[in-house]
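A quick write-up on the structure given underneath.
The values are calculated or read from the model by the stated rules, or taken from the named source; none is laboratory data. Computed from a predicted structure; not experimentally measured. So basically every Cβ, Gly included, is an ideal-geometry build from the backbone, and we count neighbours across all protein chains shown. Remember, those area values only see protein heavy atoms, side chains included, never the ligands or the DNA or RNA. Shrake-Rupley method; radii C 1.70, N 1.55, O 1.52, S 1.80 Å.
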Amino acid sequence: NIMDTKFARRTERIGRTTCSYWRAGRCNRNPCRFLHIETPSPPAACGYGNTAYSYGKKPHSFSENTLKYGSKKALLRDNGDRGDATRVAKAFKKSSPRICKYWINNNCVHGEQCLYLHSWFRGDGFSTVTKLQEHKKVITGIALPVGSDKLYSGSTDGTVRIWDCHTGQCAKVINLGAEVTSLISEGSWIFVGLQNAVKAWNIQTMSEFTLDGPKGRVRAMTVGNNTLFAAAEDGVIFAWRGSSKSDSPFELVASLTGHTKAVVCLAVGCKMLYSGSMDQSIKVWDMDTLQCTMTLNDHTDVVTSLICWDQYLLSSSSDRTIKVWACIEAGSLEVIYTHTEENGVVSLFGMPDAEGKPILFSSCRDNSVHMYELPSFSERGRLFAKKDVALIELGPGGLFFTGDESGLLMVWKWLEVPKVASS
């Protein structure tokens, strides 16, 4: 009958089709209904020199965005040698900018034939030093106070961990009983953002103070002009300065209002305070008068991060863009360059490499951090994590730190370039 004939034809067609997973060296079906040998392809079929493969009926297209890091050339080199599964797997592994999620947990069974990276980074000039996995949730702050041999990290798991920089071991755990939503250091002070408050610890005198006023979670903090700024969930930025009062060394001097939603990032530069908010705007505040001087509305989603670099302001957003701002006539700021990522940007950080070249770190919603040389924005390398990297912090001696949303704290180091002796 008709159904039996269709079934027979489909079975015959399947029987002549080579298993695409076997071809890539990762078929785990036994028995498999597709062939584990190469069969001659008709001239019109898609091969390795084309932009699509035919896996049964459905073609899988590879866009120019997918064919990164020389993968197109690698695939073309393998044309005519499609039976070598190892070479194909290695070509894909070289081209893939994604880390193997099974390798992260030490249970990848594919070994060298895995299609994804078995490394925490891609690029040169830097390397991993160690990974510290004791936090259970998002790392929201990393601080290395000047003159201290201790590293402080805060997390939404409700703890602040103090790490010994010599041994890499956790020396102390402070359980605050509430989410730590931000953490910074300034001089001998550690400031911890919590729900409705900021905790201030002096690591020299071992004194502790609570700064009240914020409503909701304190999402970001920074220090400038001898003033501590703390951004609250209700859109208000609180400002404290030093006080001679006996009950507290800090005095609330202003509440900066204007944002309509939570403020999630702050930056200080050129005698100005910059604030980014979930209301998609950036506000510029004069740090002497604590008045808003302008509002920037070029982003179309949450402004996730702000950094000041020389005379420029760099901003990132969930709208997948990084914008570079510069002062023009009358002191106003305008966008002079926009860089677009494939995913939303979580955070930005800038630092020089071992040779002093300026490097911009862009953490994206793909569990990776893109590294760009400035001002060209040419990609220098990429760092990977278990989940999105929430923040990056600079350390001494070429060290830097990344903290991700799984609670993983990674320690990295810039590598010195060997100097060639002159004859």
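Give, in nm to one decimal, the length gained when the segment between Phe209 and Thr167 is fully stretched (0.36 nm per residue of separation minus the Cα-Cα distance). Walk me through the intermediate numbers first.
Numbers: separation 42, 0.36 × 42 = 15.12 nm, distance 2.99 nm.
Taking Phe209 through Thr167 to full extension adds about 12.1 nm, to one decimal.
By accessible area, using a 1.4 Å probe on protein heavy atoms only, region 138-281 has 47% of its surface on carbon and sulfur.
I need the calculated FRET efficiency for the pair Glu379 and Thr293, taking r as the beta carbon distance and R₀ as 30 Å, to the nearest 0.05.
On the way: r = 35 Å, r/R0 = 1.17.
E(calc), rounded to 0.05, equals 0.30.
Filter the cross-link list Lys101/Lys131; Lys101/Lys386; Lys101/Lys387; Lys323/Lys387 down to pairs whose alpha-carbon distance in this structure exceeds 18 Å. Present the calculation step by step, with values, prior to reporting the outcome.
Values: Lys101/Lys131 16 Å; Lys101/Lys386 8 Å; Lys101/Lys387 10 Å; Lys323/Lys387 24 Å.
Long pairs (Cα-Cα over 18 Å): Lys323/Lys387.
Subtracting the Cα-Cα distance of Lys245 and Lys137 from 0.36 nm times their residue separation leaves 35.1 nm of extension gain.
Can you give the percent of C-alpha pairs in region 344-411 whose distance is more than 17 Å?
Numbers: 834 of 2278 pairs.
More than 17 Å apart: 37 percent of the Cα pairs in region 344-411.
Our compactness index for region 297-353, the C-alpha radius of gyration over the empirical 2.2 N^0.38 Å, is 1.12. Orientation-averaged projection of region 196-344 equals 9.6 nm² [convex hull of Cα atoms, one quarter of hull surface area]. Over all orientations, region 287-415 has a Cα convex hull whose mean projected area works out to 9.1 square nanometres. Modelled label positions at Ser332 and Asp286, each set 7 Å beyond Cα in the direction of Cβ, lie 1.8 nm from each other. When the trypsin sites (Lys or Arg not before Pro) in region 119-207 are filtered for DSSP coil states and for at most 15 other beta-carbon atoms within 10 Å of their beta-carbon, the remaining sites are Lys136, Lys137. Rounded, prolate or oblate for region 263-361? Axes are the square roots of the Cα gyration tensor eigenvalues, ordered a ≥ b ≥ c, and the cut-off for rounded is a/c under 1.5. Judged from the Cα gyration tensor, region 263-361 comes out oblate (a/c at least 1.5, b/c at or above a/b). If a spin label sat at a point 7 angstrom from the Cα of Ser255 along the line to its beta carbon, the backbone N atoms of region 193-231 nearer than 14 Å would be those of 196-197, 212-216, 230-231.
Please report the base-10 log of the normalised intensity I(q)/I(0) for region 153-234, using a Debye sum with one equal scatterer per alpha carbon and no solvent, at each q in 0.24 (1/Å). With no solvent term, the Cα-only Debye profile gives -1.23.
Heavy-atom accessible surface of region 215-288, averaged per residue, reaches 41 Å², computed with a 1.4 Å probe. Counting heavy atoms of the protein chains alone, Met410 has an accessible area of about 10 Å² for a 1.4 Å probe. Think of each Lys and Arg Cβ as +1 and each Asp and Glu Cβ as -1; about the Cα centre, that makes the dipole of region 267-423 roughly 400 debye. By the gyration tensor of its Cα atoms, with a ≥ b ≥ c the square roots of the eigenvalues, what is the shape of region 319-379: rounded for a/c under 1.5, prolate for a/b over b/c, or oblate? Note, shape of region 319-379 comes out oblate. Counting only heavy atoms of the protein chains and using a 1.4 Å probe, Tyr337 has close to 100 Å² of accessible surface.
Applying both filters, DSSP loop and at most 10 other Cβ atoms within 10 Å, to the trypsin sites (Lys or Arg not before Pro) of region 352-423 gives Lys419.
Could you tell me the calculated FRET efficiency between Ser188 and Met351, based on Cβ-Cβ distance and R0 = 30 angstrom, to the nearest 0.05? Before the final figure, lay out each step's value.
Numbers: r = 23 Å, r/R0 = 0.78.
After rounding to 0.05, the efficiency reads 0.80.
For region 116-131 and region 354-404, write down the distance between their C-alpha centroids in whole Å. Answer, in whole Å: 11.
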